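So the structure is just underneath, and the comments pick up after that.
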Amino acid sequence: MATGCTQSNPNQGKTSEESPQVQEAASTPSAQLAKTKVVTTFLPIYLFTKAVAGNVADVEILVPPGTEVHEYQATPENVRAIATANVLVKNGLGLEEFLEGTVKNAQNSKLAEIDASKGIKPLNEISPVVKTAKEEKGHSHDHAHAQGNPHVWLDPVLAKQQVINIRDGLIAADPANKATYEVNATTYIKELESLDREFQQTLQKNPSCTFITFHDAFPYLAKRYNLKQVAVVEIPEDQLSPTDVQNAINAVKQYKVKALFSEPGVDNKLLTSLSKDLKLNLRTLDSLENGETDSQYYFTAMKANLQTLETTCK
Ligand SMILES: [Zn+2]
């Protein structure tokens, strides 16, 4: 850290005698000028990038929390943000369908792009997927893109891989802050590892616990911890059709289902009455596509998910 300060101040001769205040005052303006501008696509990727970047880079989010990422339409502000950015971080695996055209429009030839899912093997049909009526008709909110299910951030082990990819990408784009990125990433990775252990220890008592979701967001999490997700593919805020309801009923008959999962903030009366009819608890599982922008939110939300799964599966 001290070397960084002295290097950026070649006219500063007496390094060893500098008071901390002098060092700070001397280094602040140049550090601000040089700050790398990083744009991220949506919440989990923002949380991971912010954790790694700390305060040595400016991190922005393109898809504001509260907005649906899967069918997101880019805004002119998004194009401007990318046009002036040094780095763009995306989840990848086909999640950010809006991105290709937006990046093209931004015409930023110096933009470095980080694919957080680089090296992660996508999985399509881990969990049984019950197609919704809409998908059958061709109007599809299709999570199973050619590139596979994109919800890798909900598995703490794959989240760790994403943090590593983000760390390496930031170091490549901004080598001057390598040490900071490394230290910050290491801290966050340790938390992810401890979260993974917590999931393992808690969920190993009830293997093959089966639940129904209306958003195909948890196949990686289910696979990691030996659970079974039966997804009736639908985005939470959409209305369920009679066929979707019938599909859920059939799935309950076919599998030994422990609960129906909705998402936080979703008040779906149809799901409530469906769960009553089926005599199943309706609980919420957070896909983290929306939420708070503090990097620790990942752990808060995932621990709440773990508690829900523990209650459901025992
Ligand atoms: Zn999703």
Q: Give the range 181-211 a look and list any residue that's loosely packed, with under 13 Cβ neighbours inside 10 Å, small (Gly, Ala, Ser) and assigned to a helix (DSSP H, G or I), or say none.
A: Ser194
Q: Select from the range 269-305 the residues that are closer than 24 Å to Glu71 by Cα, within 16 Å of the ligand (Cβ to nearest atom) and more than 13 Å from the chain's Cα centre (by Cα) and list them in ascending order.
A: Thr284, Leu285
Q | Test for Ala231: is it crowded, with 21+ Cβ neighbours inside 10 Å, assigned to a strand (DSSP E or B) and at pLDDT below 90 | A | yes
(Q) Being within 16 Å of the ligand (Cβ to nearest atom) and at pLDDT below 95 is the requirement here; does Pro128 meet it? (A) no
Q | Single residue of Leu240, Leu270, Leu221, Leu288 found to be buried (at least 18 other Cβ atoms within 10 Å of the Cβ), touching a residue at least 24 places away in the same chain (Cβ under 8 Å) and outside any loop (DSSP other than H, G, I, E, B) | A | Leu221
Q) How many of the residues in the range 273-285 are more than 22 Å from Gln307 (Cβ to Cβ), out of contact with any helix residue (DSSP H, G or I) (no Cβ under 6 Å at 6 or more places or on another chain) and assigned to a loop (DSSP other than H, G, I, E, B)? A) 1
Q.
part of a helix (DSSP H, G or I), β-branched (Val, Ile, Thr), at pLDDT below 95 and surrounded by fewer than 20 Cβ atoms within 10 Å (Cβ to Cβ): is that true of Val245 in this structure?
A. yes
Q) Taking the condition more than 16 Å from the ligand (Cβ to nearest atom), over 24 Å from Lys121 (Cα atoms) and either of a type outside the set (A, V, I, L, M) or in contact with a helix residue (DSSP H, G or I) (Cβ under 7 Å, 6 or more places away or on another chain) (or both), does Lys258 pass? A) yes
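Here is a yes/no grid of residues against (1) of a type in the set (Val, Ile, Thr); (2) farther than 15 Å from Ser295 by Cα; (3) within 16 Å of the ligand (Cβ to nearest atom); (4) without any contact (Cβ under 8 Å) to a residue 24 or more places away in the chain:
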{"site": "Ala51", "(1), (2), (3), (4)": "no, no, no, no"}
{"site": "Asp58", "(1), (2), (3), (4)": "no, no, no, yes"}
{"site": "Pro65", "(1), (2), (3), (4)": "no, no, yes, no"}
{"site": "His70", "(1), (2), (3), (4)": "no, yes, yes, no"}
Q. If you go through the range 295-304 one residue at a time, how many are in contact (Cβ under 8 Å) with a residue 40 or more places away in the chain and surrounded by fewer than 20 Cβ atoms within 10 Å (Cβ to Cβ)?
A. 3
Q. From the list Ile166, Ile189, which one is of a type in the set (A, V, I, L, M) and either out of contact with any strand residue (DSSP E or B) (no Cβ under 9 Å at 6 or more places or on another chain) or modelled with pLDDT under 95 (or both)?
A. Ile189
Q) For residues in the range 214-225 being modelled with pLDDT of 90 or more and touching a strand residue (DSSP E or B) at 6+ places or on another chain (Cβ under 6 Å), which is farthest from the ligand (Cβ to nearest atom)? A) Ala222
Q) Could you say which residue among Lys110, Lys178, Lys137 is modelled with pLDDT under 95, over 15 Å from the mean Cα position of the chain (by Cα), surrounded by fewer than 16 Cβ atoms within 10 Å (Cβ to Cβ) and more than 30 Å from Asn226 (Cβ to Cβ)? A) Lys137
Q | Candidates Lys190, Lys228, Lys160, Lys178 - the one that is closer than 19 Å to Asp58 by Cα, of a type outside the set (S, T, N, Q) and away from the ligand (no atom under 16 Å from the Cβ) | A | Lys178
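The values are calculated or read from the model by the stated rules, or taken from the named source; none is laboratory data. Remember, predicted model here, so these are calculated numbers, not experimental data. Reconstructed Cβ throughout: ideal geometry from the backbone, glycine too, with neighbour counts over all protein chains shown.
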